[in-house]
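Step one of this worksheet: look at the structure below.
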Amino acid sequence: MKKIAALFIVLIGLVIFLNINHKSPEQLISITGQTMGTTYHIKVLADQSTNIDIDTLKKEIDQRLFQIDHKMSTYKQDSELSLFNQFPANQWMNISPELMYVINCGQQLSTATEGAFDITLGKLVNLWGFGPTINTSTIPSADTIHKLQQYIGYNRLKLQPSPPALLKENDSIYVDLSAIAKGYAVDAIALVIEHNNIENFLVEIGGEIITSGHKNDNLPWVVGIETPVTNARKVEKQLRLNGVAMATSGDYRNYFEQDGVRYSHTIDPQTGYPIKHKLASVTVIAQNCMQADGLATSFMVMGPIKALEYAQSNNIAVFMLIKNGINFSEVSSDSFNKYLHSHP
């Protein structure tokens, strides 16, 4: 009998905010809510010269998140992306510039990673039971996977920049932006906050983060990378972040088990099957959260050796936890070390 451990991910790579109590004229204000099937947490620092209307700011944030979700969700049948997935093959469908921008970024990442990242795998994701059309009663047959693989792939999705439009070569193409849309939303909310003349803040949506400035008393934002175990919440590493984004991907929250075999939600485009290597989690730090989000997924697909080679060659800050029996070994790129918090 199949055991469902976590079908919908709430927080991949739990981010733990480490608040230190200090007397300060600055006030750290929290804004929380729900979006994209998960939660968001925002911290903004208000000093005596800052006039922040929190209710108005929260309304702006919620409205912006609604706009993004209504364009990019595969769980909403009337979203712009869902309408494209229902659209006939070999016909151009006009789309919004915002949706085009995110899809184009996904395609560029696919090219850069030689297909490790692929937004056209939605039907494979659904087949394995990790999308909106949930089916976890049986393991897909090898024949079904092979037939589907013949018709999907990022190179079978065509983009027309002006006016923005998409075309899919066949009906098996089903675009799923879950690996970058959340990161894009983090970046978008950071812009909303900046437009309200707030310089010091932290935005977190479902474990993906962007930071700006500092918290109280000029202290850096300190966040934690979670140890990738299913039955505990423990910080593996503390990081000091300022003006950068962070995203974590892992297979320890969103998976199912059958006959003693664990099936990760991360699908390898080359095989059509969930990843099988020993990489448990990947944390990427980048200048924007959409990039960090997409790279974290790409590295989970690549596995520890190829991921580290790619990160080193492209000067990417990455931290990986690799299964080693009941323990984990840590591997990081040279660019990552400057973010490590040296204090307990």
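Each reported figure results from applying straightforward, stated rules to the coordinates on display, with no laboratory input. All of these numbers come straight from a predicted model, not from anything done at the bench. Cβ placement follows ideal geometry from the backbone for every residue including glycine, while neighbour counts extend to all protein chains displayed.
Before moving on, here are some points about what is shown:
- Listed peptides 207-214, 292-299, 79-86 by packing density, highest first (mean Cβ within 10 Å): 292-299, 207-214, 79-86
- Sequence-distant aspartates and glutamates (8 or more away, or on other chains) whose Cα lies within less than 17 Å of Lys147: Glu169, Asp171, Asp268
- Centroid-to-centroid separation of segment 180-204 and segment 321-338 [C-alpha atoms, Å]: 29
- Ordered by the count of other Cβ atoms within 10 Å of each Cβ, fewest first, His70, His265 give His70, His265.
- Each residue in His146, His277 was given a count of other beta-carbon atoms within 10 angstrom of its own, and listing them fewest first yields His146, His277.
- Neighbour counting of Cβ atoms within 10 Å sorts the residues Tyr40, Tyr151, fewest neighbours leading, into Tyr151, Tyr40.
- Over 27 Å (Cα to Cα) - which of Lys59/Lys182; Lys71/Lys215; Lys71/Lys168; Lys123/Lys158; Lys76/Lys123 fall in this group: Lys71/Lys215
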